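Engineer: Below is one structure. I have some questions about it.
The values are calculated or read from the model by the stated rules, or taken from the named source; none is laboratory data. No experiment lies behind these values; they were computed from the predicted model shown. Note: ideal-geometry Cβ built from the backbone for every residue, glycine included; neighbour counts use all protein chains shown.
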Amino acid sequence: MRSVRASATIALVIAALTAGGSLGAAAALWFRRPALQSASAARAASANDELGALKASFRRPAAVPFPADNPFSEAKRALGEALFRDKRLSVDGSLACASCHERDKGFADGKVQGRGVPGRPLKRHTPTLWNLAWSSPVFWDGRARSLEEQVAGPVESPDEMAQPLGSVVTRLAADPAMVRAFAEAFPEAPRVDATNLAKAIATYERTLVSPHTRFDRWIAGDEQALTQNEVAGFRLFTGKARCVNCHSGFAFTDYAFHDIGLPDEDRGRGPVLRLEAAEHAFKTPGLREVDRSAPYMHNGSLATLEDVLRHYVSGIVERPTLSKDLTRGLELSAAERADLIAFLATLTSAAEPTPPDTIVAAERGPAAPAEQVSTVSQDEKAFHPTHIALPPGGRLWIVNNDTRTHNVRVFDPALDFDSGAQEPGETVEITFPVSGSFLVFCGIHPKMELYVDIAQ
Ligand code: HEC
Ligand code: HEC
């Protein structure tokens with residue numbers, strides 16, 4: 001981990017690095033039983049432990065993860081920000097990325113469906129861009145595997161900026177200021193080209209960490225930071241309503257794909273994975289700055305947070321693909337709805353939201369040392385363990401001990417593996433043909449990552 005100081009202020013609070021890690025810690029605390037205490041004292045202590053562990057699971061991560069082949073640098077971030085605002089990226093010079101992703105609208109655009117260069121409504125609603133550093137695949141259906149891969153999408157899409165990346169590069173390369181900025185950002189490959197353009201924009205996007213709000217003060221221990229009603233809303237969110245099943249962690253998303261029963265024909269993640277179990281599933285949006293980013297959902301169909309709650313209570317369309325994490329038969333009184341909405345408002349900053357001035361950058365990769373085991377289990381949307389080493393010709397068994405359907409994948413030049421739907425109780429077997437390091441992940445819950453080292 002390395003600390004990079006861009007200019008001044010804000011410190012990021014330390015916490016467990018991965019969603020899996022923090023969930024694991026929460027579970028461990030939950031079952032801790034203090035010895036030698038009266039039953040009622042033990043009950044009170046364990047209720048405190050429970051709330052403490054729950055609050056800890058919302059703490060901010062210590063560092064922002066960057067991929068090894070595109071580490072953070074301030075020159076790259078600054079170039080990325082300039083490109084994000086540059087209208088030369090669209091064919092007629094009318095649109096920048098920032099035209100559709102506006103910071104004071106939660107990096108969305110406030111419209112049900114935005115419009116690109118040709119003026120037709122886009123197929124989906126513009127999503128927020130806060131806290132995407134922790135997301136692996138991007139887009140509502142996760143069809144781009146990384147932020148770098150995503151950039152070509154809107155630039156080249158005939159419905160959005162409508163221009164081949166090659167032409168953008170030619171335009172920018174004719175501008176001496178751009179040539180200089182690219183050379184500073186990429187001293188090892190000083191070129192204006194599509195790869196560097198994507199790397200710069202992705203670096204800027206990874207620094208879009210949502211600002212601290214009252215909720216963070218409360219998590220950090222200031223009991224006065226939230227009102228009674230807001231705390232009641234938090235208890236509903238994490239308790240009876242189980243919103244936290246999917247909206248978990250500091251950004252309030254598991255970055256996974258779920259069908260929550262919205263009535264439309266969009267098949268979402270299904271066609272991307274060619275997997276029936278993922279039909280109508282969309283990426284869980286984070287809820288930071290959510291008060292600014294209405295309307296909501298992949299199709300922008302819900303205008304207000306009241307409408308969103310109405311959907312979860314009485315709007316769910318019955319389908320075989322509905323997420324197993326979805327709360328069914330939920331009933332909320334008018335007072336409970338008001339508390340939930342008051343709580344959600346504590347995730348939005350009072351002033352204009354600005355990303356942090358200081359970024360603590362970490363390299364993406366395994367957090368734990370490799371264990372010598374050939375069987376790995378899946379539970380609570382995580383692999384256990386998360387990093388293993390196998391002998392040459394390594395064979396691996398992955399057992400689904402979870403309540404959810406998984407889809408085990410390896411996407412590597414040496415091995416392209418797709419388990420199809422792996423139901424609870426089923427075991428998947430993978431043989432690694434060559435030595436090297438491989439990433440095994442779940443297509444439905446991509447934050448589930450297993451690093452496998454195969455010895456020479
Ligand atoms: C015309 C409006 C428009 C423009 C211009 C635009 N976007 Fe988007 N953006 C969208 C829409 C709509 C989606 C959702 C598409 C989908 O998921 O199918 C999206 C999705 C995204 C996502 C995925 C977010 C997530 O949660 O996975 C990222 C990242 C993104 N855009 C970045 C950019 C960048 C970078 C640019 C400029 C190169 C850009 N956008 C230009 C409308 C726009
Ligand atoms: C099964 C997982 C799951 C549960 C449980 C869940 N959500 Fe969601 N939530 C999602 C997904 C997935 C979406 C996006 C769905 C889409 O666009 O098709 C979403 C969208 C939202 C949005 C819109 C955000 C935006 O930017 O468009 C809000 C607000 C929201 N949920 C709040 C809640 C609340 C409050 C609860 C509890 C009552 C809850 N969610 C329960 C998965 C879940």
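Engineer: Select from segment 245-257 the residues that are within 17 Å of Val313 (Cβ to Cβ) and in contact (Cβ under 8 Å) with a residue 60 or more places away in the chain and list them in ascending order.
Structural biologist: Asn245, Cys246
Engineer: Working only within segment 115-139, note down all residues that are modelled with pLDDT under 90, over 18 Å from the mean Cα position of the chain (by Cα) and outside any strand (DSSP E or B).
Structural biologist: If the condition is that a residue be modelled with pLDDT under 90, over 18 Å from the mean Cα position of the chain (by Cα) and outside any strand (DSSP E or B), then Gly116, Val117, Pro118, Gly119, Arg120 are the ones that fit.
Engineer: Let me ask another. Just for segment 258-285: of the residues that are within 14 Å of ligand 1 (Cβ to nearest atom) and part of a helix (DSSP H, G or I), which one is farthest from Ile316 (Cα to Cα)?
Structural biologist: Within segment 258-285, the match that is farthest from Ile316 (Cα to Cα) is Val272.
Engineer: Which count do you get for residues in segment 247-272 that are surrounded by fewer than 18 Cβ atoms within 10 Å (Cβ to Cβ) and near ligand 2 (Cβ under 10 Å from one of its atoms)?
Structural biologist: 2
Engineer: Under 7 Å by Cβ, and 6 or more places apart or on different chains, what pairs join a residue from segment 95-120 that is at positive phi with one that is hydroxyl-bearing (Ser, Thr, Tyr) and within 10 Å of ligand 1 (Cβ to nearest atom)?
Structural biologist: Gly106/Thr128; Phe107/Thr128
Engineer: Only residues in segment 157-184 that are modelled with pLDDT of 95 or more count as the first member; pair them with residues that are of a type in the set (Asp, Glu), Cβ under 7 angstrom, at least 6 apart or cross-chain, and list the lot.
Structural biologist: Here the result reads Val169/Asp193, each pair linking segment 157-184 to a residue that is of a type in the set (Asp, Glu).
Engineer: Which one is farthest from ligand 1 (Cβ to nearest atom), of the residues in segment 87-109 that are over 21 Å from the mean Cα position of the chain (by Cα), crowded, with 16+ Cβ neighbours inside 10 Å and outside any helix (DSSP H, G or I)?
Structural biologist: Taking the candidates together, the pick is Val91.
Engineer: Grab the strands (runs of 3 or more DSSP E) fully contained in segment 309-408, keeping just those with 2 or more residues being under 28 Å from Ala232 (Cα atoms), within 16 Å of ligand 2 (Cβ to nearest atom) and in contact (Cβ under 8 Å) with a residue 40 or more places away in the chain.
Structural biologist: Of the strands (runs of 3 or more DSSP E) lying wholly inside segment 309-408, none has at least 2 residues that are under 28 Å from Ala232 (Cα atoms), within 16 Å of ligand 2 (Cβ to nearest atom) and in contact (Cβ under 8 Å) with a residue 40 or more places away in the chain.
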